[in-house]
Amino acid sequence: MKIIRSYPFLFFLAAAMTVAVYFSLATPVVGNFGDVVTFKMNGTANSIPVLLKLDRSAFDTLGGPHIIATDRYGTRQVVRIASKSQIEEAGVKPGSSFVAQVEYIPAERTYVLGPIERVDPVMTFDFIPGLGELGRNMLFHVPMSMTAFLAFLIGTIYSILYLIKKRPGYDRSARAASAAGLLFTLLATITGSIWARFSWGTFWNWDPREVSIFVLLLIYVAYFILRSLLEESEEKKARIAAVYNIVAFVSVPFLMFVIPRIKQSLHPGGGGGEAPIINTSSTPVHTDPALLNMHWIMVLLFVLLFLWMKDLFARVLAMEETTEN
Amino acid sequence: MPSTATALLRKDFTIEFRTRFGVSAVVMFLLVTVAVIAFSTPGEQLSSSILSAFFWIALFFGGMTGLARSFIAEEERGTAFLLRVYAPSDSIFIGKFLFNLAMMLSLALVSVLAFLFFFRDFAVKDWPMFLLQLVLGATGIASVSTILSAIIGRAVQKGALLPVLALPVLMPLVIATTDATRITLEVANSWDGIRENILILLSFDVAITLVSYVLFDVIWKD
Amino acid sequence: MEFLEQHPLYVVAIIGSVVWLGIFFFMLGIERRVKKLERTKARL
């Protein structure tokens, strides 16, 4: 735990987290030629961003300037451009990839290149049908929920350790881990709820996972209420709270893993399907590797942030106890 | 079963038969709940999901009123100290748990009878499965409230605290058992529909009873 | 400025980074104060 406190490590964490937040939000979400057609036909959007690779430079035939470009699934298409300078001014050279809005004109069966948004992007996320830009929430909401579960697990382990070894430090760590877990649960609830407003239409609709996370919040709020209502010595308080923490943790796996998989749910993996939230197999929804890798980076960073938070909370609690004595 | 557990069980039953405090309070609570539901939905066709929710709300809060007393009464009468001296903690847990289980099962029986009598729509289609999930649900509530009432024996604001502590912990059980009750009210051959719920109930009951049994000693001794 | 108006996602990214750095420096402040208190405590 010493390394978590050292300033070089903390600045590394800050830098890594800033970069991760930047890439989570600024990485373009791109579709392919098929998505352009689908969106046009459904009337959802006139043009969407597509990651293109320029095959050859612009050429003037067939009544107007064109380029030949390949999308990320290797589909080659002729794309109409306004003029040769549109490509050249953006700095796109033959063989380089770029992100641009692409429109499909059904009557002429042609693709038209819109504004170029990015040349040689570091990373792109796959367009998820029905989610689009909203799919980014997977980089915040899911890692936060995972960290929350880890926090409660660690809190319970500290409670068990306290009951075995009776060292007050373990009790403070258990309290600190549960408090940080509560914070992460709250953040996961807020991000999920805002996301649900734009994806499902309402902030809250009692989906099984929403029930679970609500009950999870209640459990750990009850844990802190219980602690404040005990009128005993510090040692007995710690013992009784540790027992409640362990008893309560029995229901956490049921809430987080069992019930959301059995009940019909709007979340992925509900209704008896075997698919979990993150799915690397091809059916039914394949998670984009770039998004998935970014997701695990975010998990790692949130867990490091949690460890620091837990450490910090525990030390503040220790200082409080020293001043009280 | 240790003889001290049997003795404790007999003692609790004797007190209960003499005063009838727990039973009468719980039955009153149950009847008031049923009356309020019946009064607010006159002549309406109640769906099985609403009925199963009402049923478990009545059972859960009825149980909380009755079972909260198991250790608080000992603390209030000052007999908790004597119990600590005379009996090993595991037999106290077994005795109290069995007493709570008996209370919970009789409460379940009374509420089934009350619901059958007062609500025309409460027509159970699959009795064996209904009784199975009822017993499993009652066991879970009895086991959680045994350990938690031992915990709140030590806290201020004793009366209100048990539902606050117990409801979130029991939520997986309540979700599973409400769903199971709904299905047994709807389908005659319900095993396929409630299999997963029964598995949740069973594993939850076993896990929570074992954890409570192991941890009771920590709460009980000074 | 013109660039930011055309790319609102960068504005979101900047706000996200600022919020995150705010949390970080807030926690860093607590960390420093706790470290100071711990050192004082060790000397006593």
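If we count every other residue with Cβ under 13 angstrom of A:Phe203's Cβ, Lys/Arg +1 and Asp/Glu -1, where does the sum land? Intermediate results must be reported in sequence, preceding the final value.
Working: positive: A:Arg197; negative: A:Asp207, A:Glu210.
Summing Lys/Arg as +1 and Asp/Glu as -1 gives -1.
Among A:Asp120, A:Asp35, B:Asp222, the sequence by solvent-accessible area, most first, with a 1.4 Å probe is B:Asp222, A:Asp120, A:Asp35. Histogrammed with a bin width of 10 Å, the alpha carbon distances of chain A distribute as 5, 21, 24, 20, 14, 9, 5, 2, 0 percent, first bin at zero. Scaled to the globular estimate 2.2 N^0.38 Å, the Cα spread of segment A:48-134, given as radius of gyration, is 1.06.
I'd like the carbon and sulfur percentage of the solvent accessible area for chain B, probe radius 1.4 Å, heavy atoms only, ligands and nucleic acids excluded. Walk me through the intermediate numbers first.
Details: 6710 of 9600 Å².
Answer for chain B is 70 percent, counting heavy atoms of protein chains only.
3J(HN,Hα) along segment A:223-231, derived from phi through the Karplus expression 6.51 cos²θ - 1.76 cosθ + 1.60 where θ = phi - 60°, amounts to 4, 6, 4, 4, 4, 6, 9, 7, 10 Hz, with x in place of Gly and Pro. Only Lys, Arg, Asp and Glu carry charge here, each on its Cβ (+1 for the first two, -1 for the last two); on that basis the protein assembly as shown has a dipole of about 1760 debye about its Cα centre. The residues packed around B:Glu196, meaning those with a beta-carbon under 11 Å from its beta-carbon, carry a net charge of +1 if Lys and Arg are +1 and Asp and Glu are -1. Between A and B, buried accessible area from a 1.4 angstrom probe totals roughly 2700 Å², ignoring ligands, DNA and RNA. Charge dipole of segment B:3-220 (Cα centre as origin; +1 on each Lys and Arg Cβ, -1 on each Asp and Glu Cβ, all else neutral): 620 debye, rounded to the nearest 20.
Starting from the Kirkwood Rh over alpha-carbon pairs, what translational D in µm² s⁻¹ does segment A:215-256 have by Stokes-Einstein at 10 °C and 1.306 mPa s? Provide the component values of the computation, followed by the final result.
Numbers: Rh = 10.7 Å.
This corresponds to a translational diffusion coefficient of 148 µm²/s.
Computed over the alpha carbons of segment B:1-149, Rg followed by Dmax gives 17.1, 57 Å. Averaging Cα coordinates gives a centre for segment A:152-231 and one for segment A:1-46; these two points are 27 Å apart. Of the whole protein surface, A:His141 contributes about 40 Å² of accessible area at a 1.4 Å probe radius.
Skip the ligands, DNA and RNA, and give the accessible area per residue of segment A:1-94 with a 1.4 Å probe, whole Å².
On the way: 4820 Å² over 94 residues.
For segment A:1-94, the solvent-accessible area averages 51 Å² per residue.
Among the trypsin sites (Lys or Arg not before Pro) found in segment B:135-222, those both in a DSSP coil and sparsely packed, with 10 or fewer other Cβ atoms within 10 Å of their Cβ, are B:Lys221. Starting from the Cα gyration tensor of the protein assembly as shown, take the square roots of the eigenvalues, sort them a ≥ b ≥ c, and report rounded, prolate or oblate (rounded when a/c is under 1.5, otherwise prolate if a/b is larger than b/c, else oblate). Because a/c hits 1.5 or more and a/b fails to exceed b/c, the protein assembly as shown counts as oblate.
Less than 5 angstrom separates the built amide H of A:Ile48 from those of A:Val102, all sequence-distant by 5 or more or on a different chain.
Accessible-area loss of 20 Å² or more (1.4 Å probe, protein heavy atoms, chain alone versus all protein chains) is found in segment A:287-321 for A:Leu305, A:Trp308, A:Met309, A:Leu312, A:Arg315, A:Val316, A:Met319.
Specify whether the C-alpha gyration tensor of segment B:148-220 places it in the rounded, prolate or oblate class, a ≥ b ≥ c being the square roots of the eigenvalues: rounded for a/c under 1.5, otherwise prolate if a/b is larger than b/c and oblate if not.
Numbers: a/c = 4.77, a/b = 2.05, b/c = 2.33.
It is oblate, given that a/c is not under 1.5 and a/b is not larger than b/c.
Relative to the Cα centre, the charge distribution of segment A:30-121, modelled as +1 at Lys and Arg Cβ and -1 at Asp and Glu Cβ, gives a dipole magnitude of about 180 debye.
Amide H contacts of A:His66 (H built 1.01 Å from N, in plane; Pro and chain starts excluded): A:Phe59, A:Thr61, A:Ile81 sit under 5 Å, all sequence-distant by 5 or more or on other chains. For A:Tyr170, the solvent-accessible surface computed with a 1.4 Å probe is close to 40 Å², ligands and nucleic acids excluded. With all protein chains in place and a 1.4 Å probe, the accessible surface of chain A carries 64 percent carbon and sulfur. Counting only protein chain heavy atoms and rolling a 1.4 Å probe, the accessible areas of A:Phe257, B:Phe117 rank, largest first, as B:Phe117, A:Phe257. Interface of A with C. Using a 1.4 Å probe and counting protein heavy atoms only, the two chains hide about 2200 Å² of accessible surface, both sides summed.
Computed 3J(HN,Hα) for segment A:119-127, one whole-Hz value per residue from the Karplus formula 6.51 cos²θ - 1.76 cosθ + 1.60 where θ = phi - 60°, is 10, 6, x, 5, 7, 9, 9, 5, 5, glycine and proline marked x. For C:Lys36, give me every one of the lysines with a C-alpha distance below 25 angstrom, ignoring sequence neighbours fewer than eight places off in its own chain. Cross-link targets: A:Lys2, A:Lys310. Per-residue surface analysis assigns B:Met28 an accessible area of about 110 Å², computed on protein heavy atoms at 1.4 Å probe radius.
Tell me the net charge near B:Gln133. Cut-off is 15 Å between Cβ atoms, B:Gln133 excluded, with +1 for each Lys or Arg and -1 for each Asp or Glu. Kindly include the intermediate steps, with their values, before the conclusion.
Numbers: positive: B:Lys125, B:Arg182, B:Arg195; negative: B:Asp126, B:Asp179, B:Glu186, B:Asp192, B:Glu196, B:Asp205.
Result for the local shell: -3.
Once you reduce segment B:32-57 and segment A:238-266 to the center of their Cα atoms, the two points are 29 Å from each other. For A:Ala82 and A:Ile3, what is the calculated FRET efficiency with R₀ set at 56 Å and r taken between the beta-carbons, to the nearest 0.05? Once rounded, the FRET efficiency stands at 0.50.
For the residues B:Ile151, C:Ile14, a 1.4 Å probe over the protein chains yields an accessible-area ranking, largest first, of C:Ile14, B:Ile151. Along its three principal directions, the equivalent ellipsoid of chain C from the Cα gyration tensor extends over semi-axes of 40, 6, 4 Å, largest first. For segment B:1-79, the square roots a ≥ b ≥ c of the C-alpha gyration tensor eigenvalues yield an a/c of 1.5 or more together with a/b exceeding b/c, which makes the shape prolate. Each residue of segment A:94-103 was assigned a 3J(HN,Hα) from its phi angle through the Karplus curve 6.51 cos²θ - 1.76 cosθ + 1.60 (θ = phi - 60°); the sequence is x, x, 8, 9, 8, 9, 9, 5, 10, 10 Hz, with glycine and proline shown as x. For A:Lys165, the lysines whose Cα falls under 17 Å of its own Cα, not counting residues fewer than eight places away in the same chain, are A:Lys236, A:Lys237, B:Lys221.
The values are calculated or read from the model by the stated rules, or taken from the named source; none is laboratory data. Quick caveat: nothing in here was measured; it's all calculated off a predicted structure. Don't worry about glycine lacking a Cβ; one is built from the backbone with ideal geometry, like all the others, and counts go over all protein chains shown. Just the protein is used for accessible areas: all its heavy atoms, side chains included, with ligands, DNA and RNA removed. Shrake-Rupley method; radii C 1.70, N 1.55, O 1.52, S 1.80 Å.
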